[in-house]
Amino acid sequence: MTDVREAITRVHYQEWARVVASLTRRFGDLDVAEEAAAEAFATAVERWPADGVPPNPGAWLTTTANRKAIDRIRRESKRDGKQMEARLLYDDDPPEPSGAIGDERLRLIFTCCHPALAMQTRVALTLRMVGGLTVPEIARAFLVPETTMEKRITRAKGKIKAARIPYRVPSAEDLPARISGVLTVLFLVFNEGYLATGPGTDPVRHDLTAEAIRLTRLIRALMPQDGEVAGLLALMLLTEARRTARVSASGELVALGEQDRGAWDAPLIAEGHRLVRERLAARVAPGRYQILAAIAAVHTSARDARDTDWSQVVALYDQLVHLDPSPIIALNRAIAVAELDGPEMALAAVGRLEDTLAGYHAYHAARADLLRRLGRSSQARAAYGKAIELAGNTAEIAYLTRRRDQLGKHLRRASPPSPPRGQPGAAGARIRKGEHNPV
Amino acid sequence: MQYLFSVIDDTAGLATPDEMAAIDAFNDRLVAEGHWVFAGGLESPSTATVIDNRGGEALFTDGPFLESKEHLAGFWVLQAADLDEALKLAAEGSKACNRKVEVRPFRGE
C-alpha cells in the first residue's frame, strides 16, 4: 500500500509534464490536457492499490488521459457542434525521443514561459503544467488566495488558446532570448524559495528551491549544449548546498563568512563545480548565470572563509557588470570590493547606487555593514533600521536586528584598521565578513 | 488567424513625414507577404461622436467615449499564423509608426 502510494508519487514526479505535453500536442488545448492528466492520476490513485502498478506506468497514464480527453471533447462537441470531432480522427505523431530538442516537454515549457504572458503568470503556469503542482500549492507558495491563482491560470490558458500562442520550440533565431526567458522564470521560483518573504513563512522554502532545481535539471537534460542552462543549474546547486548552514537553529540568517562550512552539502557542491568546470572548458564567452555560478564556485571552494579568493570574485563581478549593468550587480560587486580594497572604497561605490536602490533592503544592509566596519555606529544603526523596515525574510530581519542591537552596546568603539590594498588574504583575515549575497 | 493591431498614441501630433514613409514601406511589405487585410489611420479623438441608441432615441455625444492620455490613432487588421508571427509584425509596426501597438486576436475563425 505504502509502496503503491510511493510509486504514484514517483510517477507523478516523472511523468506529469510528459503526459500534459503529449496531450497538449494532440488536442491543441492546455486546459483539456491539464484536466485529463489530473483525472488520469486520480484514476491511478483509485485503481493501482487494487490492480497493482502497471508495468509501464507512464504509458498507462498517457492512454488513460487520452481517453479522458476524448470523453470531454465528445461531451463538448455534442454540445457545441461536430467540428471538434474532426480532431479526434487523426492520431498523434510518433513519440519523440527524450533528450532531443523535439521533446514535447520543451514545447510545454516554452509555451508556459511565453513573453506575451505576465511574469507571475509564467511562473504559475510553469509550476502547474510542467511541475505538476496543484493550484492550492502554487497559491500558498506565492501567498495569494487560491481563487486568485485559479483565475490567473485560467486566464492564461484562455489567452494561449484565443491569441494562438504557439505550442513549439522557438526558431533558432529566437531561441537564445526565449531560453533566457525560461531561465528567468526558474530563477524566480528558486529565489522565492531561497529568500522567502512574508511574516508567516519559513525563511527558506525548500519545496520551491527543490522544484526549481528539478525543472532546471529537466531543461539541462533536454538542452545539454546550452551554457546558460548549465550555469543556472550550477548556481542553484551551489546555493542550495549552503541552505542548511544559512539559517541558524534560532532562525537567524548566518552570513556567508560565518557559516559552518562542514554543514554544506558536499555532493551538490561537487556537482556544481563539475558544471562550472565544464563551462570553463567550453571556452565560450559565459552569460550571466555562468558568471554567477563561477562566483558561487569561488566561495564554495574555500575551506575557510578567510581563504576566499576575493580578487577572483571581484574580477568575475567586473565581467558581470560588463554584461549586466544593473545596480544590484553593482551592489554585490561593491560588497566583494570591501573584502579586497576595504570598506571605505566599498562604501563610496555603494553610495553611488542610492538613487536606484534606496527602496531595496539589501542596499541598506550593505551600507549598514560597511558603516559598522568603519566605526560609524550611529549611521550604521540608522541604515540597519532602514534595512529591517524593508526586508521581508524573517531570518534576515532577525540577523539585521541583532547586528543593529549589538551596535547599541558598543557605541563609539574604535574602528578597525583599514586593510592594505591588494592583499586579499590579509584583508580577509583581519576584517569580519559582512553578509555577502550569494546570488 | 486575424489580429487587430491598434496603434496607441500618447502624443497630440499626427504622424511625421518620416513616420508616414516608414509606415508605407511596412504596409508594402505586409501586402507582399500576404499579411495585409485592412488598415487605416484615424483623425484625432476630438473629431469623434458617440451615439447611444439603446433607449430608443439616439443620443449624440460630442467627443470620444473615453477621455484619456492615450488614444487609438490607427489600426491594422492582419493575417498571421500565430501570436509569435503577430508579435514580430507588431514589433516592426511599432517601429515604423513610432508608437505603441496593441495586438488582439479576432474572435473565432
The correct count of residues that are away from every other protein chain (no Cβ under 14 Å), more than 14 Å from A:Glu211 (Cα to Cα) and among the basic types (Lys, Arg) in segment A:105-150 is 3
In this structure, is B:Leu42 at pLDDT 90 or above, surrounded by 13 or more Cβ atoms within 10 Å (Cβ to Cβ) and within 14 Å of chain A (Cβ to nearest Cβ)?
no
Please work out which residue is farthest from A:Phe27 (Cα to Cα), limiting yourself to segment A:140-178 and to residues that are of a type in the set (Ser, Thr, Tyr) and in a loop (DSSP other than H, G, I, E, B).
A:Ser171
Could we say that A:Ala162 is within 14 Å of chain B (Cβ to nearest Cβ) and surrounded by 20 or more Cβ atoms within 10 Å (Cβ to Cβ) here?
no
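For segment B:54-72, give me each residue that is farther than 20 Å from B:Thr11 by Cα and either facing chain A (nearest Cβ under 10 Å) or in contact with a strand residue (DSSP E or B) (Cβ under 7 Å, 6 or more places away or on another chain) (or both).
B:Ala58, B:Leu59, B:Phe60, B:Thr61, B:Asp62
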Picking from A:Pro343, A:Pro325, which residue would you name as being in contact (Cβ under 8 Å) with a residue 24 or more places away in the chain and not charged (D, E, K, R)?
A:Pro343
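Residue-by-condition table, conditions (1) within 30 Å of A:Ala285 (Cβ to Cβ); (2) acidic (Asp, Glu); (3) buried (at least 23 other Cβ atoms within 10 Å of the Cβ):
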position	(1), (2), (3)
A:Val123	yes, no, yes
A:Met129	no, no, yes
A:Thr134	no, no, no
A:Thr147	no, no, no
A:Arg155	no, no, no
A:Phe190	yes, no, yes
A:Asp202	no, yes, no
A:Leu233	yes, no, yes
Which ones in segment B:56-76 are farther than 17 Å from B:Val7 by Cβ and modelled with pLDDT of 90 or more?
B:Glu57, B:Ala58, B:Leu59, B:Phe60, B:Thr61, B:Asp62
(1) surrounded by fewer than 17 Cβ atoms within 10 Å (Cβ to Cβ); (2) within 14 Å of chain B (Cβ to nearest Cβ); (3) within 26 Å of A:Ala293 (Cα to Cα): which one isn't true of A:Arg178, the others all being true?
(1)
Segment A:19-54, subset of a type in the set (Asp, Glu) and surrounded by 18 or more Cβ atoms within 10 Å (Cβ to Cβ), residue modelled with the lowest pLDDT:
A:Asp29
Go through segment B:1-24 and give me each residue that's surrounded by 10 or more Cβ atoms within 10 Å (Cβ to Cβ) and part of a helix (DSSP H, G or I).
B:Glu19, B:Met20, B:Ala21, B:Ala22, B:Ile23, B:Asp24
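Yes or no, residue by residue, for (1) more than 22 Å from A:Ser171 (Cβ to Cβ); (2) surrounded by fewer than 10 Cβ atoms within 10 Å (Cβ to Cβ); (3) away from chain A (no Cβ under 14 Å); (4) without any contact (Cβ under 8 Å) to a residue 40 or more places away in the chain:
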position: B:Ser46; (1), (2), (3), (4): yes, no, yes, yes
position: B:Thr49; (1), (2), (3), (4): yes, no, yes, yes
position: B:Gly74; (1), (2), (3), (4): yes, no, yes, no
position: B:Asp82; (1), (2), (3), (4): no, no, no, no
position: B:Leu89; (1), (2), (3), (4): no, no, no, no
position: B:Gly93; (1), (2), (3), (4): no, no, yes, no
position: B:Asn98; (1), (2), (3), (4): yes, no, yes, no
position: B:Arg104; (1), (2), (3), (4): yes, no, no, no
Which of the residues that make up segment A:45-62 are closer than 23 Å to A:Ala17 by Cα, more than 33 Å from the chain's Cα centre (by Cα), in a helix (DSSP H, G or I) and without any contact (Cβ under 8 Å) to a residue 24 or more places away in the chain?
A:Glu46, A:Arg47
Any idea which residue in segment A:282-300 is farthest from A:Tyr363 (Cα to Cα), counting only those that are at pLDDT below 95 and assigned to a helix (DSSP H, G or I)?
A:Ala282
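The values are calculated or read from the model by the stated rules, or taken from the named source; none is laboratory data. All of these numbers come straight from a predicted model, not from anything done at the bench. As a convention, Cβ positions derive from the backbone with ideal geometry for all residues, glycine included, and neighbour counts pool all protein chains shown.
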